[in-house]
Every structure is written in structure tokens, then in C-alpha cells.
1. Which numbered condition trips up residue 100, out of (1) buried (at least 18 other Cβ atoms within 10 Å of the Cβ); (2) farther than 25 Å from residue 160 by Cβ; (3) out of contact with any helix residue (DSSP H, G or I) (no Cβ under 8 Å at 6 or more places or on another chain)?
2. Are any residues in region 364-384 surrounded by fewer than 22 Cβ atoms within 10 Å (Cβ to Cβ) and either in contact with a strand residue (DSSP E or B) (Cβ under 9 Å, 6 or more places away or on another chain) or not assigned by TED's automatic domain parsing to the domain that holds residue 326 (or both), and if so, which ones?
3. Only residues that are touching a helix residue (DSSP H, G or I) at 6+ places or on another chain (Cβ under 8 Å), more than 11 Å from residue 134 (Cβ to Cβ) and in a helix (DSSP H, G or I): list them for region 28-39, please.
4. Confirm whether residue 111 is closer than 21 Å to residue 349 by Cα, part of a helix (DSSP H, G or I) and either in the same structural domain as residue 352 (by TED's automatic domain parsing) or free of Cβ contacts under 8 Å to residues at least 60 places away in the same chain (or both).
5. Select from region 176-202 the residues that are buried (at least 20 other Cβ atoms within 10 Å of the Cβ) and farther than 28 Å from residue 352 by Cα and list them in ascending order.
6. Among the candidates 172, 217, single out the residue that is in a loop (DSSP other than H, G, I, E, B), touching a residue at least 40 places away in the same chain (Cβ under 8 Å) and surrounded by fewer than 23 Cβ atoms within 10 Å (Cβ to Cβ).
7. Given the structure, is residue 203 under 30 Å from residue 256 (Cα atoms), out of contact with any strand residue (DSSP E or B) (no Cβ under 6 Å at 6 or more places or on another chain) and part of a loop (DSSP other than H, G, I, E, B)?
8. Within region 244-255, can one find any residue that is in contact with a strand residue (DSSP E or B) (Cβ under 9 Å, 6 or more places away or on another chain) and closer than 13 Å to residue 281 by Cα?
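The values are calculated or read from the model by the stated rules, or taken from the named source; none is laboratory data. Just so it is clear, the structure is predicted and the values come from calculations on it, not from any experiment. Positions of Cβ are generated from backbone atoms using ideal geometry, with glycine treated the same way; all protein chains shown enter the neighbour counts.
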């Protein structure tokens, strides 16, 4: 379903912005080029305020509607993330990453470009009452940039009443939207395990305490927490993703290190995972005569969409592309998103927009699909004009 409006006229220009961001990826809070370009464009569009440095390298633009009649009215926030990932790009594109070991493998280049396109349109037309606030956030990929912006006074300083976010979704048709009421993305916690045994000769294992054996038992046994402690009607994932031990083929290593993640969609499940892992891991090691030091580090909280705002977001998406192309009750995804911090502070909703048949997120062959741009940009414009009618 093609989009034919002022936004579609901007498609080629927004695509140029997106591809420029793609060619020059920056990580976490270290976004000097990206932040500067965003601020420069917002000023050129005629935003009423452009404020850099929120949450270290975040940028905020304020656009006041022409239908306010002297009243500040309601304030709607829209957030896009700007940071890339420490991945070596595998694509052979004219605009592929020019920085070794860094690439936009999650589509934040597209998110930033689409919100910039919406800011331009809204600043030109101002066909709404109240105020639109565009939020360009650093450090979504593990740096909790949303929390940093909140701690820097984002919501109070700009008087934001509601806040909305969007992420592209590979595997879904281009422009198809999806959301849900309640938990939509998981809490993300990190497991750190250090095991100490007794090193020795591989031919005399009875004189050693094998940390590889102990670590293997830990990996196996902690899966029983999900299968036998968590309510089967609730969601949880425990994955060990790094196991480091030893340096050669004939030495039983004295130490081993394991790293992993725990994901959950409910506070009580999160508490249960932490409690059971904290109890089980040292106990398993002790059963083999080893010691295990375990640390459970809480990360991003569950991303919970507010009911009214999720229904509103789905209705706006349906207005953009038709109700048949909107899923208002998508199953939750066990990935994590620091937009969750924003939804803890203000009502709002997070939506997904289809990226077509692309490689998956965080894949070295991923590329944001520029055909998505008119849909995502139109969604932002329609959201403001619908939420803030004159």
C-alpha cells in the first residue's frame, strides 16, 4: 500500500540522511557526528527549541503547533535511538559502514531519519494544537541512554505528557505495524559466574576439581528453573552465552568464567529467577568441591505499554496503512529495550513497523529497508496531528 502525501515527497531526501548515518556509525554515548547532524537539521527545519546534551549526547527538538490559541496544550514526545553496534558489516553497499567494527545493525539509522523527516513536516505545517517534542536518544544498545535522558530532566524540562517509540521489525511485511497492551518486551538481566576449582593434569582428573565439568553442570541445571520453577503460563529465558576456561588440551583449568542473560516479562518472575539462580549456582559448584561467585545484575526493565496509549497507537497506524495491516495484539518479544524506562515515567506505547524480508536485527548482513520510511514517518506525523487536534 503506497503512501502518497507530503512525507512521500520527502522520501528520497530522508533516505539520503539514513544512508549517511549508516555509513558513519557511532556507539553508545560517543555520538559527536550523529548528534551534531541531528541538531543542525532540527534548527534548519525551524524547530522552536533545539537542545543538545540531554543525557550526555541526546538531542531534543520542540515544535509548537499553530492551533494552540495561546495555550501550551498537551505535549507529545516521540523517541528515536541513534547509536550503532560493535559489529563488522558484511554488506557490500555503496553506503556501507566506513568505520571498522561498527555498523547500524539494528536500524537506528532508519529510526533517526524517520523522526527527522516527521520533525521537518511538523515544523513546516504545524497543523496541530499543543506541542510535539522529538527525542533523539543515545546509548540504547546497552548504555541505558533513555534513563540518562530522564535523569537529565527530559520529561520535566519539556513538560512531556505522553511518550511514544517505534522499532523496525525484520520478517514482517514493509509498513505493517504491530503492538500490544501490557508487556511487549522483556526485562534483561546479566549473569556473571566465576568458578574456582583445582587445576591439574588431564590424565589425573581425580587430583583436580574440574571447572569445565562444574560449569557444564551449572549450564544444564539452571535450565530446570524455567522448566520446573516458573509458572508454565508465564515467560522466562535463561541463556549462558559465554564459557571461558583453559588454554590447552592437557591441563584441567583452575578457573572458569560464564556470562549469560535472564529474560522475563513479570516482576515476580524476575524476582524468582534471581532468587533461584543465586541459590543454585554456588550450591552446584559446592557439590563438586568447587566455589562459584555469582552476580545477578539487573538491566533494562520490562517494557509495558499503557492500555489507552497502545490502543491509540494502533488506531493511528491503522489510519496510516489500514486496519488489516495492523496487529494490535502481537505476542511479547523476549528482547529488551530501554524505552521501558520512559514508559515507567509517562504513559505511552511502543510499536513495531515491518522491515520486510531482511536479515535479522544485530546481524552483520542486516540493513534498514528504505521502503519503510514513508510509513514510519507518516505514523509520527499522524500521531501528533491526531493526538493534538485543533
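1. (1)
2. 364, 369, listed by residue number.
3. Listed by number, the residues that qualify are 34, 37.
4. yes
5. 191, 193, 195, 197
6. 172
7. yes
8. no
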